[in-house]
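What follows is a short report on a single structure.
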Amino acid sequence: MRIAIASDHAALDLKAALVAWLQDLGHAVHDLGPHDASSVDYPDYGYALARAVADGAADRGLALCGSGIGISIAVNRHPACRCALVSEPLSAQLAREHNDANVLAMGARLIGIEMAKACVTAFLATEFGGDRHQRRVTKLSNPVLSKDPA
């Protein structure tokens, strides 16, 4: 699988560990940076990751920052991206199965490497369930299709 990965400076070590692990598993990993511990702005890396996934350069994306919150917000600004912030594997699985998430976000200050690997494993192994979920996923990228529930 082609996987794009990006982080901020707070998640540099987690990113490096995941890149090496994913490459060992045989995935083609595109590390979008950063590549040193200099302070950076997570939106820049989140937007770059979103473009890589939306343009088809990557099949899936991994977004990392200190909490995972900021970079997930940045990725989700792109209408073609569905980024799920997770901290355990069941959420990663359900994000794929129910929401067709194409980007997984995690917080380096909140998750250990083994739990991060378990989340990524679930994310990469799970297919989108389609059927009843497709209508809802379509609305995520097209808010005008959504109806006022009131």
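The values are calculated or read from the model by the stated rules, or taken from the named source; none is laboratory data. Because the structure is a prediction, the values reported are computed rather than measured. As a convention, Cβ positions derive from the backbone with ideal geometry for all residues, glycine included, and neighbour counts pool all protein chains shown.
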- prompt: Can we say residue 55 is closer than 28 Å to residue 135 by Cβ and surrounded by fewer than 18 Cβ atoms within 10 Å (Cβ to Cβ)?
  reply: yes
- request: Kindly check whether there is at least one residue in the stretch 123-141 that is out of contact with any Phe, Trp or Tyr (no Cβ under 6 Å at 6 or more places or on another chain), in contact (Cβ under 8 Å) with a residue 24 or more places away in the chain and closer than 19 Å to residue 6 by Cα.
  value: yes
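For the condition more than 16 Å from residue 6 (Cβ to Cβ), out of contact with any Asp or Glu (no Cβ under 8 Å at 6 or more places or on another chain), free of Cβ contacts under 8 Å to residues at least 60 places away in the same chain and not in a helix (DSSP H, G or I), what is the one hit in 79, 149? If you could, list the steps in order and put the result at the bottom.
Working: 79 fails: free of Cβ contacts under 8 Å to residues at least 60 places away in the same chain.
Exactly one of 79, 149 is more than 16 Å from residue 6 (Cβ to Cβ), out of contact with any Asp or Glu (no Cβ under 8 Å at 6 or more places or on another chain), free of Cβ contacts under 8 Å to residues at least 60 places away in the same chain and not in a helix (DSSP H, G or I), namely 149.
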query: What are the pairs, 6+ residues apart or on separate chains, where a residue within the stretch 61-76 that is at negative phi has its Cβ under 6 Å from a residue that is outside any helix (DSSP H, G or I) and surrounded by fewer than 20 Cβ atoms within 10 Å (Cβ to Cβ)?
result: 66/109
query: What are the residues in the stretch 128-138 that are of a type in the set (Ser, Thr, Tyr) and surrounded by 14 or more Cβ atoms within 10 Å (Cβ to Cβ), if any?
result: none
query: Can you tell me which residues in the stretch 58-76 are assigned to a helix (DSSP H, G or I) and surrounded by 18 or more Cβ atoms within 10 Å (Cβ to Cβ)?
result: 70, 71, 72, 74, 75, 76
- request: For the stretch 86-100, indicate whether the set of residues that are in a helix (DSSP H, G or I), of a type in the set (S, T, N, Q), modelled with pLDDT of 95 or more and surrounded by 13 or more Cβ atoms within 10 Å (Cβ to Cβ) is non-empty.
  value: yes
task: Among the residues of the stretch 101-112, count how many are in a loop (DSSP other than H, G, I, E, B) and closer than 13 Å to residue 140 by Cβ.
output: 2
field: First in the stretch 40-57 and closer than 13 Å to residue 83 by Cβ and in contact (Cβ under 8 Å) with a residue 24 or more places away in the chain, second anywhere and surrounded by fewer than 16 Cβ atoms within 10 Å (Cβ to Cβ) and not acidic (Asp, Glu), Cβ under 6 Å, 6 or more apart
entry: 54/80
message: Residues that are without any contact (Cβ under 8 Å) to a residue 40 or more places away in the chain and under 14 Å from the mean Cα position of the chain (by Cα): does the stretch 97-110 have at least one?
response: yes
- request: Output the residues belonging to the stretch 101-116 that are over 18 Å from residue 10 (Cα atoms) and surrounded by fewer than 21 Cβ atoms within 10 Å (Cβ to Cβ).
  value: none
- prompt: Residue check: is residue 125 surrounded by 13 or more Cβ atoms within 10 Å (Cβ to Cβ) and not polar (S, T, N, Q)?
  reply: no
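How many residues does the stretch 1-26 contain that are part of a loop (DSSP other than H, G, I, E, B) and surrounded by fewer than 18 Cβ atoms within 10 Å (Cβ to Cβ)?
Here is the first cut: in the stretch 1-26, the ones part of a loop (DSSP other than H, G, I, E, B) are 1, 8, 25-26.
Okay, now just the ones that are also surrounded by fewer than 18 Cβ atoms within 10 Å (Cβ to Cβ), so 1, 25-26.
Result for the stretch 1-26: 3.
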